[in-house]
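Some notes on the structure that comes next.
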Amino acid sequence: MTTIEQLSRLDIKYLKGVGPKRAELLAKELNIATYYDLLYYFPFRYIDRSTIHRIAEIDGDMPYMQLKGRFINFITQGEGAKRRLKALFTDGTGTVEVVWFNRVKSIQESYHTGVEYILFGKPTSYNLTYSFVHPEVDVYKPEMTQSGGLVGVYTMTEKLHNRSFSQRALQRIFATLVESAQVQQIAETLPQSVIAEHGLISLRDALVNIHKPKDIVTLQAAQRRLKFEELYFLQLNILKYIKGRNAQVPGFIFPTVGKYFNGFYNNYLQFPLTGAQKRVIREIRRDTAGGKMMNRLLQGDVGSGKTIVAFLSMLLAVDNGYQACIMAPTEILATQHFESISEMARGVGVKVALLTGSTRKKARDEIHAGLLDGTINILIGTHALIEDTVQFANLGMAMIDEQHRFGVAQRAKLWKKNSTPPHVLVMTATPIPRTLAMTVYGDLDVSVIDELPPGRKRVTTVMRYEKDRENMYHFVGQELRKGRQCYIVYPLIEENEKLDLKALEEGFEIVKETFPHYTTVMVHGKMKPAEKEHQMELFVSHKAHILVATTVIEVGVNVPNASVMVIENAERFGLSQLHQLRGRVGRGADQSYCILMTKYQLSKETRHRLEVMTKTNDGFIVAEEDMKLRGPGDIEGTQQSGIAFNLKIANLAADGIVLQEARDAAQRLLERDFELQSPDGTIIARQLRFLFARNINWSLIS
Ligand code: ADP
Ligand code: MG
């Protein structure tokens, strides 16, 4: 028997067909150093070698495919490093272009016109024709396409390609690997009871078939086994950690709804709460009365009214003799919270303080003292708030706004601010799909505000092309004449910073020329903070009418009079980001508009993404779609908080059912054997230790 652990110490250079040179290349390019690494480098797709596509059928973004046909001609172009070989290839239904940038001479010598070939590659569309760059080419033999076998396609790098590491070479290596004695005798990582209960195939069969599937049914069984296993251990890790903590951690009990809560509710509340707000407050009251520490995630779209819920919950803490705090990701947001919350708190005589990185030493000392002697009831701040020097007399409730900017590690720091950890409420306006929440925030209960305050109008969202630009400006002009304000947002990414800034500045000039009678200001992340704030202030106070900006305005700006959001190069933004930007308008009583400006040639996927925006205003639907399109690793927030998932095979967007099954199974096991000491538990504990040692992301979760 060979264990996974042993395979993770076995150098790949000893595998037949690899050797030291290729091993070095694989390590450098794909991070594959051991048998284990290679074995768990799964194909990202499979192609059916028995299927041959017709050129006439190729369209849009098609995956790898096979064509059967002949070369019509070969032409060499360019000199030296720019030399390339181009060929036309036809199968009678159409023609594609084939291009080689390397090994031009040897390729030209080995392929001939008039011979029938099988060509394998991925088509890209270029100038109305499709082209294949460095495809695999074989002389056609009938038996090649009769086997009907599925073949794995692996992610490659440019360098591997250039060093003549073809898909085929990689596939041969995998074939050798799965036939090797080590893999043939690989030890199980799951207890037999789990395998039987969930109808899984063995680890050996799964690994062999994931690389060299016998047929589609066996491939699916292999995928299911490996997905289940991956999610099972992930969930075990999360649940073991939460249960371990919950078992030890009692929470403060808030039995009283007293003079602060009732005083505010009866005398100062400006509007009736929505049903959703009331429901969430009830959930929070139940949590804080139960004797266990609350750990709750509050999701609610921009403008759904999370602040008032947070404030009422904090009053509940104050009513019971505790302090409360709220942590925001930016100084602007913290300041906004401070302003609105102190105003609400004034009537009932609750003392609120603001602590940020720019709080002066003297004020800071006063705040430290006020927190320690209990005269400050509510503290609002940025990261500054979790520093060790900030000590409370009796912190009972901690809130985090815009969770996705904070990691779990920071949340954990808040738990340590009192001898018993305070109740924690995490608020986010970036809705997170349920499956993702279950994993990223596996330890949180979830509340949702799924209802906007009455009277809000849906933001009308449209897609417009460059040719509509004049019309778009005309429309903006109409809104400006009605006294409204307008945002125009440009993308800015680091890799492309210079060009992006140039586009922004040019856009700014054009807008100024187009609207000479209005004041236009510009804000971007590269400006000095004071200058940025000054420009921003002009817009907030309505001295400026148009704000040209990068996404710096995404968080924290509140200008109810703004009714138009124009997003330039909208195709370059992710869905969640577009949704956040759109949330900047529609905050007042007027009908608001979001205009997505795009170039003409959009891929199918991009068009679909933008259409989601035009069809719905619901942040949850947007988030689900976003995850489907991009996969969970790219979802806003998971990366910022450092929990970029490194799942090798499971996909949180698509594998909700397996995830639920794995989570339930993990839960049952821990109920029986929390310490993992039974014979089954021991097998699992060993694998958990192995995975934990290898996987950096796991340590972030716990
Ligand atoms: P967010 O969930 O984005 O943090 P806020 O708490 O800032 O939203 O609320 C947005 C606006 O809606 C605020 O001006 C707030 O006073 C108002 N608001 C909140 N709840 C209600 C309600 N039930 N009825 C009317 N207006 C409300
Ligand atoms: Mg808010």
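The values are calculated or read from the model by the stated rules, or taken from the named source; none is laboratory data. These numbers were taken from a predicted model, which means no experiment stands behind them. Please note: Cβ atoms are built from the backbone with ideal geometry, for glycine as well, and neighbour counts cover all protein chains shown.
Listed by first and then second residue, the pairs with beta-carbon distance under 6 Å, at least 6 apart or on different chains, first residue in the range 93-113 and in contact (Cβ under 8 Å) with a residue 40 or more places away in the chain, second of a type in the set (A, V, I, L, M) and in a helix (DSSP H, G or I), are 94/55; 94/56; 96/55. In the range 272-362, counting only strands (runs of 3 or more DSSP E) that sit wholly within it, the ones holding 2 or more residues that are more than 10 Å from ligand 1 (Cβ to nearest atom) and over 15 Å from residue 376 (Cα atoms) span 295-300. Those strands (runs of 3 or more DSSP E) of the range 382-456 in which at least 1 residues are at pLDDT 85 or above, more than 16 Å from ligand 1 (Cβ to nearest atom) and crowded, with 16+ Cβ neighbours inside 10 Å, considering only elements entirely within it, cover 395-401, 423-428. With the structure loaded, tell me whether residue 291 is within 16 Å of ligand 2 (Cβ to nearest atom) and at positive phi or whether it fails that test. So residue 291 does not fit the description; no.
Could you list, in sequence order, all residues of the range 586-613 that are under 20 Å from the mean Cα position of the chain (by Cα) and at pLDDT 90 or above? Those that are under 20 Å from the mean Cα position of the chain (by Cα) and at pLDDT 90 or above: 610, 611, 612, 613. Put simply, of 273, 298 the only residue that is within 16 Å of ligand 2 (Cβ to nearest atom), surrounded by fewer than 19 Cβ atoms within 10 Å (Cβ to Cβ) and of a type in the set (A, V, I, L, M) is 273.
Only one entry in 30, 39 is more than 23 Å from residue 120 (Cα to Cα) and in contact (Cβ under 8 Å) with a residue 60 or more places away in the chain, namely 39.
Residue by residue, here is whether (1) in contact (Cβ under 8 Å) with a residue 12 or more places away in the chain; (2) surrounded by 15 or more Cβ atoms within 10 Å (Cβ to Cβ) holds:
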position: 180; (1), (2): yes, yes
position: 185; (1), (2): yes, no
position: 194; (1), (2): yes, yes
position: 197; (1), (2): yes, no
position: 214; (1), (2): no, no
position: 221; (1), (2): yes, yes
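Helices (runs of 4 or more DSSP H) fully within the range 2-45 that include at least 3 residues being within 22 Å of residue 209 (Cα to Cα): 4-7, 35-39.
Scanning the range 579-629 for residues that are aliphatic (A, V, I, L, M), out of contact with any Pro (no Cβ under 7 Å at 6 or more places or on another chain) and in contact (Cβ under 8 Å) with a residue 40 or more places away in the chain turns up 581, 585, 589, 595, 596, 597, 610, 613, 622, 629.
Evaluated against (1) over 21 Å from residue 282 (Cβ atoms); (2) modelled with pLDDT of 85 or more; (3) assigned to a loop (DSSP other than H, G, I, E, B), residue 467 falls short on exactly one condition, (3). Taking residues in the range 333-357 that are over 27 Å from residue 584 (Cβ atoms), and partners anywhere that are away from ligand 2 (no atom under 16 Å from the Cβ) and among the aromatic types (Phe, Trp, Tyr), the pairs with Cβ atoms closer than 7 Å and at least 6 places apart or on different chains are 347/264; 347/268; 348/260; 348/264; 348/268; 350/260.
All but one of (1) touching a helix residue (DSSP H, G or I) at 6+ places or on another chain (Cβ under 9 Å); (2) hydrophobic (A, V, I, L, M, F, W, C); (3) surrounded by fewer than 20 Cβ atoms within 10 Å (Cβ to Cβ) hold for residue 369, so report the exception by its number. Among (1) touching a helix residue (DSSP H, G or I) at 6+ places or on another chain (Cβ under 9 Å); (2) hydrophobic (A, V, I, L, M, F, W, C); (3) surrounded by fewer than 20 Cβ atoms within 10 Å (Cβ to Cβ), residue 369 violates only (1). In the range 151-177, the residue that is nearest to residue 214 (Cα to Cα) out of those that are touching a residue at least 24 places away in the same chain (Cβ under 8 Å) and aliphatic (A, V, I, L, M) is 151.
Across the range 276-288, the qualifying residues are those that are within 25 Å of residue 394 (Cβ to Cβ) and touching a residue at least 60 places away in the same chain (Cβ under 8 Å), and the one among them that is nearest to ligand 2 (Cβ to nearest atom) is 280. Contact annotation: residue pairs with Cβ atoms under 8 Å, 6 or more positions apart or on different chains, pairing a residue in the range 304-322 that is small (Gly, Ala, Ser) with a partner that is in a helix (DSSP H, G or I) and within 13 Å of ligand 1 (Cβ to nearest atom), are 304/276; 305/277; 313/281.
Looking at 206, 196, 222, just one residue is in a helix (DSSP H, G or I) and closer than 16 Å to residue 651 by Cα, and that residue is 222. Residue 155 falls short on exactly one of the conditions (1) assigned to a loop (DSSP other than H, G, I, E, B); (2) touching a Leu at 6+ places or on another chain (Cβ under 7 Å), and that condition is (2).
Every residue, every condition in (1) within 16 Å of ligand 2 (Cβ to nearest atom); (2) of a type outside the set (Gly, Ala, Ser); (3) surrounded by fewer than 19 Cβ atoms within 10 Å (Cβ to Cβ); (4) not assigned by TED's automatic domain parsing to the domain that holds residue 412, yes or no:
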{"position": "314", "(1), (2), (3), (4)": "yes, yes, no, no"}
{"position": "320", "(1), (2), (3), (4)": "no, yes, no, no"}
{"position": "334", "(1), (2), (3), (4)": "yes, no, no, no"}
{"position": "343", "(1), (2), (3), (4)": "yes, yes, yes, no"}
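Being surrounded by fewer than 15 Cβ atoms within 10 Å (Cβ to Cβ), at pLDDT below 95 and in a loop (DSSP other than H, G, I, E, B) is the requirement here; does residue 483 meet it? When the stated conditions are applied, residue 483 does not pass them. When residue 30 is tested against the conditions (1) touching a strand residue (DSSP E or B) at 6+ places or on another chain (Cβ under 6 Å); (2) surrounded by 13 or more Cβ atoms within 10 Å (Cβ to Cβ), the lone failure is (1).
The single condition among (1) within 22 Å of residue 559 (Cβ to Cβ); (2) modelled with pLDDT of 90 or more; (3) charged (D, E, K, R) that residue 532 does not satisfy is (2).
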